[in-house]
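Everything below concerns the one structure shown next.
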Amino acid sequence: MTAPALGAVETVFRMESPRIIAAVARIVRDVGIAEEIAQDALVAALEQWPRTGVPERPAAWLTAAAKNRAVDLVRRRETYARKLAEVGREITEETYDPEPSGPDDIDDDLLRLIFTACHPVLSTEARTALTLRLLGGLRTDEIARAFLVPEPTVAQRIVRAKRSLAKAGVEFEVPYGEDRAARLGSVLEVIYLIFNEGYAATAGDDLLRPALCEDALRLARVLAGLMPKEGEVHGLAALLEIQASRAAARTGPDGQPVLIADQNRGRWDRRLILRGFEALARAGEGGSYGPYALQAAIAACHARASTYEETDWRTIAALYGRLAVVAPSPVVELNRAVAVSMADGPEAGLALADALRGEPALAGYHLLPSVRGDLLARLGRAAEARAEFERAAALTRNERERELLLGRAREAERAGGPGGG
């Protein structure tokens, strides 16, 4: 296969596989089979495109190939007539409306797929892993990184989840009433993790994967329109709007990461910030904030500051304290350590960060040594800071982050002077 054709197949499939799987699942009503059919379409492209050339609309080609295979499968089933009646004209449709068609319906294959994958027959961990695989197009290693668990664990969750859905005969549909509310927490978590992978890619040559951010943001907006009285839906939408507003400023001309302290705030998207503020106000209408709304409130503190120096770190530290109560996790505590260091000094932050060094979940998490390196550098402990930045660089699998961390290690070495600090 020629390199351009291979690259085109891989790129298009990576971007479009969630939509292809969702479109096929609407036909076959089985997410496991839908994923297999999508893979079959990929194989067909790998075989044909080198001979015929890359089609003008490669995504449409893959989708049509997958749908044709799905229709063939349905036709071979004994229940073809009934299935065909259920699917109706949807089988031959090439597009779908990404917005709700009514006040209590979701006319979006991607959201149907999320709610199906988040069925109560699965554990919370399995729901999230499966949906990240199907909707986010993430590899097993990327999902493992997001969960801070071993790759084999994630692989087993995904396989078992697809088997459980098939065995239980779970329909490809959006639930209503109490069933919908019961699955909402997992759906929000999935959208959040998809956005995070796009906002800070686990691995590869680029820090950002904008397509994932855009999909997650669109899904959050659709849910917010569907569930206007659910505070946490608006909280998640607010968080993603505000975080997305900084995307253009997070990398330099050469693709290198730009820390928030050094970002050009004039490049922050004020339209997205205002949308985030509006969603955050709606999230608080019930009188209290949930975990996503609290994170959105933290992001709003950054967005309101005209300069990095004007950031209200005491409020941010207090918000992280509240978040640690309602959604305790080592990562939340690490972020609180950073905020406390800005409000009360690096020694106070380092004490909190040091307390996390024995956390098993953070054993391979590059941001722990990265944070410690920053705090040690601020305390003038250059040699220790350099060692921490080098350790963080060895743990990350994102090339841009690795380059940034190694650069900080070199800065610490220079700051230490001939004696090593």
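Can you pull out every residue in the range 375-395 that is of a type outside the set (D, E), within 19 Å of A337 (Cβ to Cβ) and out of contact with any Asp or Glu (no Cβ under 6 Å at 6 or more places or on another chain)? Please lay out each step first, then the result.
Step one: list which residues in the range 375-395 are of a type outside the set (D, E), which gives 375-383, 385-387, 389, 391-395.
Filter once more, keeping what is within 19 Å of A337 (Cβ to Cβ): 375-381, 385, 387, 389, 391-392, 395.
Those that are of a type outside the set (D, E), within 19 Å of A337 (Cβ to Cβ) and out of contact with any Asp or Glu (no Cβ under 6 Å at 6 or more places or on another chain): L375, A377, R378, L379, G380, R381, A385, A387, F389, R391, A392, L395.
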**Complete:** Exactly one of E384, E390, E401 is at pLDDT below 95 and assigned to a helix (DSSP H, G or I), and that residue is E401
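Please state which one of V43, V9, V28 is modelled with pLDDT of 85 or more and touching a helix residue (DSSP H, G or I) at 6+ places or on another chain (Cβ under 9 Å).
Numbers: V43 fails: touching a helix residue (DSSP H, G or I) at 6+ places or on another chain (Cβ under 9 Å); V9 fails: modelled with pLDDT of 85 or more.
Exactly one residue qualifies, and that residue is V28.
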**Prompt:** Mind checking which pairs have a first residue in the range 34-51 that is acidic (D, E) and a second that is assigned to a helix (DSSP H, G or I) and open to solvent by less than 70 Å² (accessible area, probe 1.4 Å), Cβ under 6 Å, 6 or more apart or different chains?
**Reply:** E35/I21
**Asked** Does any residue of the range 377-387 turn out to be open to solvent by less than 70 Å² (accessible area, probe 1.4 Å) and closer than 20 Å to V332 by Cβ?
**Response** no
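Which one of Y320, Y308 is open to solvent by 30 Å² or more (accessible area, probe 1.4 Å), under 19 Å from I260 (Cβ atoms), aromatic (F, W, Y) and more than 25 Å from the chain's Cα centre (by Cα)? Working first, answer last.
Numbers: Y320 fails: more than 25 Å from the chain's Cα centre (by Cα).
Sole residue among the options that is open to solvent by 30 Å² or more (accessible area, probe 1.4 Å), under 19 Å from I260 (Cβ atoms), aromatic (F, W, Y) and more than 25 Å from the chain's Cα centre (by Cα): Y308.
Being open to solvent by 60 Å² or more (accessible area, probe 1.4 Å), touching a helix residue (DSSP H, G or I) at 6+ places or on another chain (Cβ under 9 Å) and closer than 23 Å to R139 by Cα narrows it down to one residue among R75, R69, R19; which is it? If you could, list the steps in order and put the result at the bottom.
Details: R75 fails: closer than 23 Å to R139 by Cα; R69 fails: closer than 23 Å to R139 by Cα.
Only one candidate passes the filter, namely R19.
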**Request:** Count, please, the residues in the range 405-421 that happen to be at pLDDT below 95 and aliphatic (A, V, I, L, M).
**Result:** 2
**Matching residues in the range 18-36 - criterion: being more than 23 Å from the chain's Cα centre (by Cα) and farther than 16 Å from N68 by Cβ** = R29, D30
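Is at least one residue of the range 205-216 surrounded by fewer than 16 Cβ atoms within 10 Å (Cβ to Cβ), touching a Phe, Trp or Tyr at 6+ places or on another chain (Cβ under 7 Å), of a type in the set (G, A, S) and in a helix (DSSP H, G or I)? It would help to see each step written out before you state the result.
So the first thing to find is which residues in the range 205-216 are surrounded by fewer than 16 Cβ atoms within 10 Å (Cβ to Cβ), and the list is 205-206, 210-211, 214.
Within this subset, residues satisfying the condition of being touching a Phe, Trp or Tyr at 6+ places or on another chain (Cβ under 7 Å) are none.
No, the range 205-216 contains no residue that is surrounded by fewer than 16 Cβ atoms within 10 Å (Cβ to Cβ), touching a Phe, Trp or Tyr at 6+ places or on another chain (Cβ under 7 Å), of a type in the set (G, A, S) and in a helix (DSSP H, G or I).
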**Request:** Scan A339, A363 and give me the residue that is closer than 23 Å to T396 by Cα and modelled with pLDDT under 95.
**Result:** A363
**Asked** Do you know which residues across the range 112-162 are part of a helix (DSSP H, G or I) and among the hydroxyl-bearing types (S, T, Y)?
**Response** T116, T124, T128, T131, T140, T153
**Request:** Mind telling me which of the residues E241, E197 ends up being touching a residue at least 60 places away in the same chain (Cβ under 8 Å), of a type in the set (D, E), assigned to a helix (DSSP H, G or I) and surrounded by 21 or more Cβ atoms within 10 Å (Cβ to Cβ)?
**Result:** E197
**Request:** From (1) of a type outside the set (V, I, T); (2) open to solvent by less than 10 Å² (accessible area, probe 1.4 Å); (3) in contact (Cβ under 8 Å) with a residue 24 or more places away in the chain, pick out the condition that doesn't hold for A144.
**Result:** (3)
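Which residue is surrounded by the fewest Cβ atoms within 10 Å (Cβ to Cβ), if the candidates are limited to the range 342-360 and must be under 24 Å from R397 (Cα atoms) and among the charged types (D, E, K, R)? Can you show your working first?
To start, the set of residues in the range 342-360 that are under 24 Å from R397 (Cα atoms) comprises 353-354, 356-360.
Remaining after also requiring among the charged types (D, E, K, R): 354, 357, 359.
On the way: D354: 13, R357: 11, E359: 16.
Result: R357.
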**Item:** Residue under evaluation Q256, criteria (1) open to solvent by 20 Å² or more (accessible area, probe 1.4 Å); (2) within 20 Å of the chain's Cα centre (by Cα); (3) in contact (Cβ under 8 Å) with a residue 60 or more places away in the chain, criterion not met
**Value:** (2)
**Request:** For the range 158-167, state whether one or more residues are at pLDDT below 90, of a type outside the set (G, A, S) and open to solvent by 50 Å² or more (accessible area, probe 1.4 Å).
**Result:** no
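The values are calculated or read from the model by the stated rules, or taken from the named source; none is laboratory data. Please read all numbers here as calculations on a predicted model, not as lab measurements. For neighbour counting, all protein chains shown are included, and Cβ atoms are generated from backbone atoms with ideal geometry for every residue, glycine included. Just so you know, the surface numbers come from the protein's heavy atoms only, side chains and all, with ligands and any DNA or RNA stripped out. Shrake-Rupley method; radii C 1.70, N 1.55, O 1.52, S 1.80 Å.
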